[in-house]
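Here's the structure we're looking at; comments come further down.
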Amino acid sequence: MCSFLCHNGSYSIANTLRPEGLLIADSNPAVLMVYNGESPLTPLAQEALDALTAAVPSEGEFTYEEAYAVLAEEEDLERPAAEDIIERLYMEGHLYEVEGKLRFTGS
């Protein structure tokens, strides 16, 4: 377990890392939150992630164009929707980019 305290004038936040996630409590006892590092995906985003996972090449990386093609074929998504889904998966930590290619984070 690891703890730290942030204080800014009249506002304090105490954070404690625990095996089940990050416990966040501020100076107001009514505010208490556990964050486990995972944000639930929408059903469409989860289906897209599953489709990408099944279609990923053996070397474990793929281009944006390959991702868009998989989502068009497997999930019947038009390009703008596929771009939005890829961006969401990237922003939520399910994908990362190396030299213009996407990889899965394993989360």
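Every number here is computed from the coordinates shown, using simple stated rules; none is lab data. Model, not experiment: these values are computed from the prediction. Positions of Cβ are backbone-derived with ideal geometry, glycine not excepted, and every protein chain shown enters the neighbour counts.
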Among GluC sites (Glu not before Pro) in region 73-107, those in a DSSP loop whose Cβ has at most 14 other Cβ atoms within 10 Å are Glu78, Glu99
Going from the fewest other Cβ atoms within 10 Å to the most, one would list Tyr96, Tyr90 as Tyr96, Tyr90
For region 43-104 the mean separation of alpha carbon contacts under 8 Å (6+ apart) over residue count, i.e. relative contact order in percent, is 38
Residue span Glu61 to Tyr96: 0.36 nm per residue of separation minus Cα-Cα distance leaves a gain in nm of 11.6 nm
When Val56, Val70 are ranked with the fewest other C-beta atoms within 10 Å first, the list becomes Val56, Val70
Which residues qualify? For Leu77, with a placed amide H closer than 5 Å and at least 5 residues away or on another chain, they are Ala72
The ³J(HN,Hα) series, computed from each phi in region 47-56 with the Karplus coefficients 6.51, -1.76 and 1.60 at θ = phi - 60°, rounded to the nearest Hz and given as x for glycine or proline, is 4, 5, 4, 4, 5, 5, 4, 5, 9, 5
